Each structure stands twice: as C-alpha cells, then as structure tokens.
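As structure tokens, the structure follows; a few thoughts come after it.
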Amino acid sequence: MHFAELARAYERLEATTKRLEMRTILADLVRPIRPPDLARVLYLSQGLLRPEYEGVELGVADSLARRAVALATGAEEPDVARRAKESGDLGSTTAELLGKGRRLDANEPLSVAGVYADLSRIAAAKGPGSQEEKVAILAQLLGRATPVEGKFVVRFVLGTLRVGVREMTILDALAEAFGDGAKATRARIESAFNLTSDLGLVAGVLVDRGVDGLEKVGVEVGRPIRPMLAEREPDLASVLERMGGRAALEYKYDGLRVQAHVPARGPVRLFSRRLEEISAQFPELVEELRTAVGSPPAILEGECVPIDLDTDEIQPFQEVSRRRGRKHDLARVQEEVPVCLFVFDVLYAGSEPVYLKDFAERRALLESILRPTDRVRLAVQEVVADVASATRFFEQAIAAGGEGVMAKSLKDGSAYRAGARGYWWIKYKREYTAGLSDSIDGVVVGAFLGRGRRAGRYGAFLLAVYDPEHDRFESFCKVGTGFDDARLEEMPKRLRPFEADAAPAGIETGLVPDRWMRPGVVLEVRGAELTLSPIHRAARGEVRPEAGLALRFPRFTGRFRDDKGPTEATTSGELLSMYRSQVRQAAPSSGSEGAPG
Ligand code: ATP
C-alpha cells in the first residue's frame, strides 16, 4: 500500500468533526488492506507503532525533528524554527518547505511498510549516537516524501497527529468494513479487543478468520486485559437491591489499580489501569509477587496503596503518586513510601484463563493460589445479605483507611467483563454519605489565559466528560480553583503536546477557550453540585432539551489522573447518573441529609 493513500485519508479525517463521517472514511480506508499492512495502518492512525501497552516511543524531541527537516529540505535550521513558530506546527512547515524544493522524481513512492519500518528503526535507536541516527533516518525518509506525506510523518513523530481517530471509532470502522456493521458484530469485535488490548491483532484475525474467528482470540499472560469497571449507587440499600439481596463487599482501597502478569518463566509485569507498564516503579511488588504466587502462570488484579509497614496502616494515596514516573532515586522512594498490593481478582491461573468463571469461584481460586506476603495481600472481603451488616463493613473499611466499599455480584454470570462498566461491581464511597457528589475525572479540552496574578499563563481550563456512544467530549465546567503555583506552572508543560489551533474533532461545548486542546490530560475535580446549563454540553438534552450538565464551584483536587487516558475519564452517562442520584437525595421525602452543596 502506498503511504500517499494513508496521507490522503488523514487529510479527509482532519477535515471532519463528525464521527459518522470519520467512520466511513476509516472503513473505506481499511477495507482493501490486508495484514500485515492493516495492523500498521491502525497503529499509525492512533499515533502509535505498536499496541499502546507495549509503550514503544519514538524519542524524537522537537529540536531533533527540526534538524531532520532542515537536512531534508536544505533550509537553515533557524529558518525552520522560525517558520514552525509562526505556523505553530512543524508538520505544515515541513510540507511548505518540501513543496518549495524540487523533489527527485526518480524517487519510488513511499509505502506504508517502508515508512513503518523507518519509524520503527527510529524508535529502536537507543544509547550513544542514537540521536544522530534518529535524525539521519528521519531526514532520509522526509527527503523521499511528498509535502503532504512529510506533514503527517513529522506530526506522527512529534505525537501531534490530529486525525482524532480513537479506539471506539476504529472498532466501528472495522465492523463496517469487515463485518456486517451490526451492533452484535461490533460488540464481538470490541470484546476481542478488550481481552487483547491490541487492535492490530484483532483486525488481523477478523480479516483472516472472520467474526467467528474472534472467539478464539484469548487472554495471554504478558498481554494486559482492559479492566472491568464499576457502576455507582447512592446508598448501600440500593447496592444490595441491585445485587439481588446478597453481595461480596470488599474494602475499596484508594490507590493505583495494578494488573500483575506472573509468567511461569521470565519477568513479572505490572500494568496500570490504562495498560501502561509500570513494573519498573514497583520492583518490590515484582519480587514479592514471585513468592506470593505459588504456581504461575497467573494474572491477578489488585490495588496498590502506600502502607506503613510498622503499623500496617494504609497511607493517603498522594504518597504513591510520588512514585509514578520515577526512574531515579527509586531505592530511596521505595523505602520512604512502601506500598502493598491488595489483590481482588484473578483472571488467569493454572495454565488457563479463568475470567469467565463466576466471581465467587474466582475469589476461592485466588485464596487458594495466593500466599500473602508483607506487600502482596488479599483484599478484605465479607459476604453480606442485609443493610446493617453492609453498613458495619463499610464503617470498618473507612476505619481501616479505605475510601468505601466495592460490592461484587455473586449471581450466576458474574464473569470478569473486560473493558466494561456495569452493575456487577458497584462502588460506594464515603463522600456519598455526606451528600456530596463523587469526584469527576475531566479531560482538558481548552485553556483560558489568566488575569491578575496569573497573567501571562493559563488561569483556567475547560473540562469535558467522555461520551462513548458518540465518541466525543462534552464540556461540563471551567476550572481555575485548586491549582497551587507548582501545578499551575506544570499545566502548560503537560498541555503542550495537545495544543490545537482550532477546535479539535469531537468536542462539544458552548465556550470558546483562548487555546483549544486535543483530549489528553485528565484532572480530578470536585464541586458543589451538578446543575443544568445552556453552555455546557455534557449529557445534553437528557434532562431537559437544549440543556447540558455543569459542575458548580468546580475545584481541582490536585490529582492528575495520569493513570487514565481521555476516553477513560468520567463519562457523560456517569455524570447523568450522579445528577439523578443528587436529585433523589435532595428530595425531601428521601430522608437523606438534604441537598448537596
Ligand atoms: P473507574 O475505574 O470506575 O472509572 P476511578 O478509577 O476514578 O473510576 P473509582 O471510581 O474510585 O476509580 O473506583 C474504581 C476503582 O477502585 C477500580 O478501578 C480500582 O482501581 C479501585 N479498587 C479499590 N479497591 C477495589 C476492590 N476491592 N475491587 C475492585 N476495585 C477496587
């Protein structure tokens, strides 16, 4: 396949903000492609070289890319830098410069396979001299590219591809191109993806063996599974009612979700909630998991929380966030912030996947294969069948440093549902009891310039929730409160890779920020209450026509949700159910503690 075809599709994708249109463009693009090009096209279109969990990075800084562009086009480097500053996009500048030069027409057209191979070599270059090597490969590649191809290559390399193709849209396109486009087909493709976290792999199987072939795609140790997620209920009585009167309650630990893959041989690997490998940050867990899992292979899931090893007391979550992304000083931090993994599920054991077994069976299995150590323990659990016992357990959980309880269904069919949110798991947190709403994880989609003390930098941010059904981001608040100086300084750095000149595809809001942002950074906020708004667009029209949901008095909690990607932020559906439960609590007849806020 020629790379030019892909570039053409990207131009069309960039030009639309409509999801249906994107789906059609993508479906048309992929329909004629066969493996192995198919996987390459899918990864590239998401700005990746390999499935996200493999964490393959190109390691090309802006300055390196500018050097490569200068080499490829014969322009002077300062000139490239100046033009890029003006246009705000080195990709367009590259296209402009490539358009000026006379290309050697004897050049073979670029192929997807060739571009992919070059990009992979750039990613693979490590160690001394690698910077030069990266520049040389990129310059050579650009030297053979047409202006449009060059634009997309540079944007890809810098991580600023703006085609806005997310997983859910790709799944739609695959169903349309290779299935019958029906909902059921789409669901089967999605569930294969949820188990493998690899769109390239799923698409390959779909083309080679058809939709039925997907049933054989299974779980493998070393390849992360997309996490099962919980719904919420406003009180314990409703939780029990949902679960049919009886449920397993567990402490809800407030830390980092960890999926631990313990192979029979080879290194233990830990993955975060968004499937990033985090093994290097928790060497002591890697080590103790070997001891704790008597008969590998196994895949376990648990929550990693800071703990005081002398008193066994759980410490505030903020402590553990100090360890994220930390490469140096690890030994010291390890000692300062010891962590413990509270294991709550098992997905693979005894050489076979067990995620389809009912929850009670999985828990029994977990208890039989886990030999608890100091740092790897079982999540505390109790089966309850009445509200009084549930309340007592909840209070015990809070006293022990938990943030509430997680209820797990014991009904038939309580399999582990990878990547799905449902009432098989229900979370109930302390905040609900105080009449306040839960925290919300919002995606930054825009920024406003500050005034007064904040002049010259961003002072507030436009946040959105995710609507998976329409694959779009809907604004629900503008937040400027809760940022200390350090965090305010940090924001531009975090946001830079996501800055956009115009409203990016799939953003719904009635506000126009000073700077648009492509969805990337996720912040945790709290507020007084959810209200109806003519400006914000979350769950618009669900409560009242033309009105969306907005958060009153929003406040950043100080917690960056680096463990969540933008599509894992709070959804508009969740916001709606928070709004509804708030309305229920506020109703005088409910006997609750009154209106929130
Ligand atoms: P969500 O995962 O529902 O999108 P979130 O990451 O913001 O939301 P919460 O809503 O607070 O987290 O609750 C869900 C999370 O609780 C799980 O993803 C998991 O990390 C954590 N957790 C803590 N204890 C347990 C437990 N016993 N069983 C399952 N999950 C638990």
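The values are calculated or read from the model by the stated rules, or taken from the named source; none is laboratory data. These figures come from a predicted structure and were not determined experimentally. In this analysis, Cβ positions are derived from the backbone assuming ideal geometry, glycine residues included, and neighbour counts consider all displayed protein chains. Keep in mind that these areas ignore ligands, DNA and RNA; they rest on the heavy atoms of the full protein, side chains included. Shrake-Rupley method; radii C 1.70, N 1.55, O 1.52, S 1.80 Å.
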Next on the checklist: Can you compute the modelled spin-label distance between residue 331 and residue 544, with each label point 7 Å from Cα toward Cβ, in nm?
Outcome noted: 6.3
Next on the checklist: Taking 0.36 nm per residue of sequence separation and subtracting the Cα-Cα distance, how much length would be gained by fully extending the chain between residue 34 and residue 412, in nm to one decimal?
Outcome noted: 132.0 nm
Checklist entry - What is the distance, in nm, between label points placed 7 Å from the Cα along the Cα-to-Cβ direction at residue 487 and at residue 313? => result 2.5
Item to check | Charge-dipole axis of the chain as Lys and Arg at +1 and Asp and Glu at -1 on Cβ define it, positive-most pick from 476, 2, 189 | outcome: 2
Item to check | Straight-distance crosslink candidates among lysines, where the alpha carbon sits under 30 Å from residue 357 and sequence neighbours closer than 8 are dropped | outcome: 183, 216, 252, 408, 411, 427, 429, 564
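Report the relative contact order of region 229-432, percent, no decimals, based on alpha-carbon pairs under 8 angstrom and at least 6 residues apart.
Details: 420 pairs, mean separation 70.2, N = 204.
Relative contact order for region 229-432 comes out at 34 percent.
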Checklist outcome for this item: Stretched fully, the stretch from residue 15 through residue 124 gains (0.36 nm per residue minus C-alpha distance, one decimal, in nm) 36.0 nm
Item to check | Between helix 19-30 and the chain: long-axis angle, C-alpha atoms, 0 to 90°, nearest 10 | outcome: 60
Checklist entry - Among 99, 296, 173, which residue has its Cα positioned farthest towards the positive end of the charge dipole of the chain, with +1 placed on the Cβ of Lys and Arg, -1 on the Cβ of Asp and Glu, and the dipole taken about the Cα centre? => result 99
Item to check | Positive-end residue of 340, 452, 234, charge dipole of the chain with Cβ unit charges | outcome: 452
Checklist entry - Using +1 on the beta carbon of Lys and Arg, -1 on that of Asp and Glu, and nothing else charged, what's the dipole of region 229-432 about the Cα centre, debye to 20? => result 720
Next on the checklist: I want to make sure I understand the PRE zone here: with the label point 7 angstrom from the Cα of residue 451 toward its beta carbon, which residues in region 462-506 have backbone N atoms less than 17 Å away?
Outcome noted: 462, 478-481
Next on the checklist: Once R0 is set to 56 Å, what does the formula 1/(1 + (r/R0)^6) return for the Cβ-Cβ distance between residue 511 and residue 79, expressed as a FRET efficiency to the nearest 0.05?
Outcome noted: 0.90
Checklist entry - Nearest 20 debye, what's the magnitude of the dipole of region 166-290 about its Cα centre given +1 on Lys and Arg Cβ and -1 on Asp and Glu Cβ? => result 140
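Using a 1.4 Å probe over the heavy atoms of the protein chains, calculate the carbon and sulfur portion of the accessible area of the chain as a whole percent.
The nonpolar share, carbon plus sulfur, comes to 49 percent.
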Checklist entry - What lysines sit close enough to residue 126 to cross-link, taking a C-alpha to C-alpha distance under 26 Å and skipping anything fewer than 8 places away on the same chain? => result 134, 151, 327, 493
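Based on the mean of other Cβ atoms within 10 Å per residue, sort peptides 571-579, 555-563 so the most packed one is first.
571-579, 555-563
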Checklist outcome for this item: Residue-normalised value, i.e. accessible area per residue, for the chain at 1.4 Å probe, in Å², stands at 43
Checklist entry - What's the FRET efficiency of residue 183 with residue 378 using the Cβ-Cβ distance as r and R₀ = 51 Å, to the nearest 0.05? => result 0.85
Checklist outcome for this item: With 0.36 nm assigned to each residue of separation and the Cα-Cα distance removed, residue 580 to residue 113 gains 163.0 nm
Next on the checklist: To test your reading of the geometry: what angle, between 0 and 90 degrees and rounded to tens, separates the Cα axis of helix 147-158 from the longest principal axis of the chain?
Outcome noted: 40
Next on the checklist: Can you tell me which aspartates and glutamates have their Cα less than 15 Å from the Cα of residue 18? Leave out same-chain residues fewer than eight positions away.
Outcome noted: 172, 467, 469, 471, 474, 508
Checklist entry - Which whole-number percent gives the relative contact order of the chain, counting Cα pairs below 8 Å spaced six or more residues apart? => result 12
Checklist entry - In whole percent, what relative contact order does region 157-228 give with Cα contacts below 8 Å and a gap of six or more residues? => result 27
Checklist entry - Given the chain, what percent of its DSSP beta bridges are antiparallel, to the nearest 5? => result 85
Checklist entry - Mind listing P(r) for region 240-372? All alpha-carbon pairs, 10 Å bins, whole percents. => result 12, 41, 33, 13, 2
Checklist entry - So what is the 222 nm mean residue ellipticity for the chain from helices alone, if each DSSP H run of at least 4 adds -39500 (n - 2.57) and you divide by all residues, rounding to the nearest 500 deg cm²/dmol? => result -11500 deg cm²/dmol
Checklist entry - So how strong a dipole does the chain carry about its Cα centre when Lys and Arg Cβ are +1 and Asp and Glu Cβ are -1, to the nearest 20 debye? => result 1120
Next on the checklist: Per-residue counts of other Cβ atoms within 10 Å, averaged by peptide: what ranking do you get for 337-347, 215-225, 382-392, 21-31, highest first?
Outcome noted: 337-347, 21-31, 215-225, 382-392
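What's the whole-number percent of alpha carbon pairs in the chain lying beyond 30 angstrom?
Of the Cα pairs, 57 percent sit more than 30 Å apart.
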